[in-house]
Amino acid sequence: MIDFRSDTVTQPTEAMRAAMAAAPLGDDVFGDDPSVNALQQYAAEQLGFEAALFAPSGTMTNLIALMGHCQRGDEAIVGQNWHTYRWEAGGMAVLGSIQPQPIANQPDGSLLASDIVAAIKPDDPHFARTRLLVIENTTGGQVLSLSYMAQMAALAKSNQLQCHIDGARIFNAAVAIAANTATDPYQVARQLVQGYDSISVCLSKGLGAPIGSLLLGSADFIARARRVRKMLGGGMRQAGGLAAAGLYAMQHHVRRLADDHQHASQLAAGLQQIVTECGLTTQFSLQTPQTNIIFCDLDPALAAHFVAELGKHQIRLTSSVYQQAGQAKSRLRLVTHLDVNQAQIQAMLACSRDILRHY
């Protein structure tokens, strides 16, 4: 099977499994699991924060951050397409009593500074209190630049807002920028997050750990976050085996993200060539990937046929339907990751060529 559904489907490598098996254990709720502590310390040092907290998922670390920055009745400014707003089951409102203020994303994935400023509420009892700006990087696989990230951090501070990054794939952004600037991805990652109050980093997407995310911030913020994690049921006991996988991922799987980006670029270019050869450019369009995520927009009938035929060859991807100018369109998402290799990219292209040629 070739699985393009998400980079969350990765399996631990043999070396990662060995690190997990050898991990010393303690009780993380008591704070004495040495493997968890090592992961948290390493991540904080790498990204330039005082402290970090290990939790089961990115949905949880984002919610912990939101509840740490905001009180009941406060407001968080988010992107319309941000994971924190659209894909986390409304947790900030349902569990945190925090009002989301969504703003339209621009084609490059960013939010306009003028839209953010216009959304900040005045100090008036009629309004929720605007307390937090959330930024997501990458967003739909698109990279927000160093200059943009610095601009958003400065904007938040100038308006007395806290600022949080949903950085589930922050290392994908760092690796993409580093490739274009011939710099170190860890250094770029530290630059991307500079000036922000907190960040959530996923270990189980491109980095390939089986489970877990990190929340990073000041020592005081993480102390409060630990209490919220317990409240949400995220306090784990002998979690060192999972933490060891995360530490191995951060130490060994960051630079290799460049392979995933290259595979996505090859796959997109190959698909575009096939679509052109088959005369389907009006029915099948692709967005050039910046990292490891490819989006394709298809006519619904073609999408249904394409996905079904790929399924017969044990090739999996995700598909959704949306409206564009009053017409239904199907959007396919293909994600490359450490369990997708060059041979599988070529197999996907060969299969796609055969399917589309006979459509």
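A few remarks follow.
- The set of residues from the range 329-354 being among the hydrophobic types (A, V, I, L, M, F, W, C), touching a helix residue (DSSP H, G or I) at 6+ places or on another chain (Cβ under 9 Å) and over 24 Å from GLN142 (Cα atoms) comprises just one member, CYS351.
- In the set ALA154, ALA168, only one residue is aliphatic (A, V, I, L, M) and touching a Lys or Arg at 6+ places or on another chain (Cβ under 7 Å); that residue is ALA168.
Residues checked against (1) crowded, with 21+ Cβ neighbours inside 10 Å; (2) polar (S, T, N, Q); (3) in a strand (DSSP E or B); (4) modelled with pLDDT under 95:
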position: GLN238; (1), (2), (3), (4): no, yes, no, no
position: GLY246; (1), (2), (3), (4): yes, no, no, no
position: ASP260; (1), (2), (3), (4): yes, no, no, no
position: ALA264; (1), (2), (3), (4): yes, no, no, no
position: THR282; (1), (2), (3), (4): no, yes, no, yes
position: ILE294; (1), (2), (3), (4): yes, no, yes, no
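- Residue within the range 118-129 that is assigned to a strand (DSSP E or B) and touching a residue at least 40 places away in the same chain (Cβ under 8 Å) present: yes
- Of all residues in the range 325-359 being in contact with a strand residue (DSSP E or B) (Cβ under 8 Å, 6 or more places away or on another chain) and part of a strand (DSSP E or B), the one that is surrounded by the fewest Cβ atoms within 10 Å (Cβ to Cβ): ALA328
This table checks each residue for (1) part of a loop (DSSP other than H, G, I, E, B); (2) farther than 26 Å from LEU338 by Cβ.
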residue: PRO12; (1), (2): yes, no
residue: ALA15; (1), (2): no, no
residue: ALA18; (1), (2): no, no
residue: VAL36; (1), (2): no, no
residue: LEU39; (1), (2): no, no
residue: GLU45; (1), (2): no, no
residue: PHE54; (1), (2): no, no
residue: MET60; (1), (2): no, no
residue: GLY68; (1), (2): no, yes
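- Just one of the numbered conditions (1) more than 22 Å from ILE177 (Cα to Cα); (2) under 15 Å from the mean Cα position of the chain (by Cα); (3) without any contact (Cβ under 8 Å) to a residue 60 or more places away in the chain is not true of THR276: (2).
- Those residues of the range 59-77 which are among the polar types (S, T, N, Q), under 28 Å from ILE211 (Cα atoms) and surrounded by fewer than 24 Cβ atoms within 10 Å (Cβ to Cβ), in sequence order: THR59
- Selection status of LEU132, part of a loop (DSSP other than H, G, I, E, B) and either touching a residue at least 12 places away in the same chain (Cβ under 8 Å) or β-branched (Val, Ile, Thr) (or both): no
- Residues (over 21 Å from the mean Cα position of the chain (by Cα) and touching a residue at least 24 places away in the same chain (Cβ under 8 Å)) located in the range 307-323: VAL307, GLU309, LEU310, HIS313, GLN314, ILE315
- GLY31 meets the conditions (1) surrounded by fewer than 19 Cβ atoms within 10 Å (Cβ to Cβ); (2) under 15 Å from ALA225 (Cβ atoms); (3) in contact with a Ser or Thr (Cβ under 9 Å, 6 or more places away or on another chain) in every case but one. The failed one is (3).
One line per residue, one yes/no per condition, for (1) modelled with pLDDT of 95 or more; (2) surrounded by 15 or more Cβ atoms within 10 Å (Cβ to Cβ); (3) more than 22 Å from ILE170 (Cα to Cα):
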{"site": "GLY79", "(1), (2), (3)": "yes, yes, no"}
{"site": "GLY96", "(1), (2), (3)": "yes, yes, yes"}
{"site": "ILE103", "(1), (2), (3)": "yes, yes, no"}
{"site": "ILE120", "(1), (2), (3)": "yes, yes, yes"}
{"site": "ASP123", "(1), (2), (3)": "no, no, yes"}
{"site": "THR130", "(1), (2), (3)": "yes, yes, yes"}
{"site": "ILE135", "(1), (2), (3)": "yes, yes, no"}
{"site": "GLN142", "(1), (2), (3)": "yes, yes, no"}
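The values are calculated or read from the model by the stated rules, or taken from the named source; none is laboratory data. Since this is a predicted model, take the numbers as computed values, not measurements. Reconstructed Cβ throughout: ideal geometry from the backbone, glycine too, with neighbour counts over all protein chains shown.
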